[in-house]
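Worksheet for the structure shown next.
Each reported figure results from applying straightforward, stated rules to the coordinates on display, with no laboratory input. What you are looking at is a predicted structure, and each value in this text was computed from that prediction instead of being measured. Here the Cβ positions follow ideal geometry from the backbone for every residue, glycine too, while neighbour counts run over all protein chains shown.
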């Protein structure tokens with residue numbers, strides 16, 4: 001598994017527009033690896049299960065357990081899956097290049113957000129604050 | 001039965017500290033469009049801090065009390081059943097206080113004790129409805145009536161609508177959301193999209209509507225905040241947006257400041273403009289740039305508005 005700095009570097013590389021499904025799969029896997037970094041830093045074994053057909057969503061769910069502020073990246077993970085699905089369903093679509101570039105930005109957001117949280121766990125607290133009620137909801 | 005349209009015609013207005021400081025243009029434009037739309041804002045006298053993040057992190061019950069005092073003033077001094085908070089932080093904290101007072105005995109005890117000591121009426125859950133500026137316009141005016149108020153319109157201005165994180169999270173403090181029909185979505189919010197579309201904007205599909213802007217990280221790790229913001233700005237541009245519309249002072253300031261910082265520190269330039277949705281609605285209704293405080297934004301969008309023929 002690559003660390004977050006390596007993943008940030010990996011996201012700088014040019015994607016191959018001739019094989020958009022492969023590029024989208026690569027980006028989805030980067031998202032999974034980012035989540036794995038978070039879980040391992042919290043001494044948790046990353047799950048291999050799927051949620052709604054995707055491991056990244058299962059990993060996110062696992063990462064947010066007991067740490068509700070981690071939900072601040074839930075929609076980012078879901079958008080990554082959504083764009084992956086769009087590309088997978090219609091790789092020849094006019095919007096595919098733009099969708100790939102959006103996936104790249106979404107994966108990068110996950111890298112930055114989780115890098116930030118590993119330095120300062122409070123990141124995300126401002127947004128999904130009200131910690132006591134959040135803990136209750138989990 | 002009183003409709004939301006009737007209820008929101010006159011509301012208690014809680015600007016909060018940001019709208020009297022860095023987000024002054026949000027305050028100016030909110031008041032300007034209220035006047036245009038003939039919606040009455042009755043500002044709460046002697047309002048206090050909502051508890052923001054600082055108090056909440058030290059003692060969440062004190063934050064609940066601070067927000068409950070604002071709600072109590074809205075009810076008992078301003079004599080309103082609805083309080084409108086344009087700031088996401090204030091809106092979030094008032095909703096959280098409402099939730100805690102309804103569900104936690106400890107919160108009720110603390111609020112009662114301090115309120116009695118401070119000699120003001122104890123706020124009880126359900127006495128006042130807290131709404132955001134988006135709810136206020138969406139239901140106080142409605143899209144059909146808003147359409148009639150649009151003069152020049154936004155003329156196809158390409159907009160990425162950015163809601164930030166506090167408007168929808170955690171979802172259980174917003175029981176009115178995710179109810180289907182015309183209710184707001186916590187995963188893909190759309191009220192700002194709806195209103196700006198009526199005003200003539202072309203909303204782009206924006207994948208980072210609720211992504212973290214790093215607001216809480218600005219002081220402890222500015223570089224990470226800059227990276228998070230730069231990524232959001234780049235995503236908006238990749239989606240084809242000329243403008244990011246905002247409805248949160250923290251996000252707005254973060255986007256503006258880190259846009260500049262990204263250029264200085266990372267040599268990464270982005271050109272997308274950052275504008276409050278109330279400013280955009282005001283311009284669409286024919287108000288001048290100064291009337292909506294456009295010149296007070298850090299992100300200089302005046303030339304773009306001239307180029308697009310909006311002003």
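Calculated mean residue ellipticity at 222 nm for chain B: -14000 deg cm²/dmol, from DSSP H runs with n ≥ 4 weighted as -39500 (n - 2.57), summed, divided by the residue count and rounded to 500. Grouping the Cα pair distances of chain A into 10 Å bins from zero gives a pair-distance distribution of 12, 43, 32, 11, 2 percent in increasing distance order. Shielding of peptide B:51-57 by partners, expressed as the average count of other chain Cβ atoms within 10 Å per residue Cβ, is 3.
Suppose R0 equals 41 Å. What FRET efficiency, 1/(1 + (r/R0)^6) with r the Cβ-Cβ distance, do residue B:5 and residue B:120 give to the nearest 0.05? Mind showing how you got there, number by number?
Values: r = 31 Å, r/R0 = 0.76.
The formula returns an efficiency of 0.85 here.
Note on residue B:45 and residue A:118: the model spin-label points, each 7 Å out from Cα along the C-beta direction, lie 5.5 nm apart. By the helix-only formula, in which each DSSP H run with n ≥ 4 contributes -39500 (n - 2.57) and the sum is divided by residues, chain A has a 222 nm mean residue ellipticity of -20000 deg cm²/dmol. For the pair residue B:264 and residue B:59, the difference between a 0.36 nm per residue extended length and the Cα-Cα distance amounts to 70.0 nm.
Based on the reciprocal of the average 1/r between different C-alpha atoms, the Kirkwood radius for segment B:4-132 equals 14.7 Å.
Mind checking the mean number of beta-carbon atoms from other chains within 10 Å of the Cβ atoms in B:234-246?
Working: counts 6, 8, 1, 1, 6, 4, 1, 0, 0, 0, 0, 0, 0.
Partner Cβ neighbours, averaged per residue: 2.
Peptides A:60-73, B:42-55 ordered by packing proxy, namely the average of other Cβ atoms within 10 Å per residue, highest first: A:60-73, B:42-55. Counting only other chain Cβ atoms within 10 Å of each residue's Cβ, the peptide B:200-213 averages 5.
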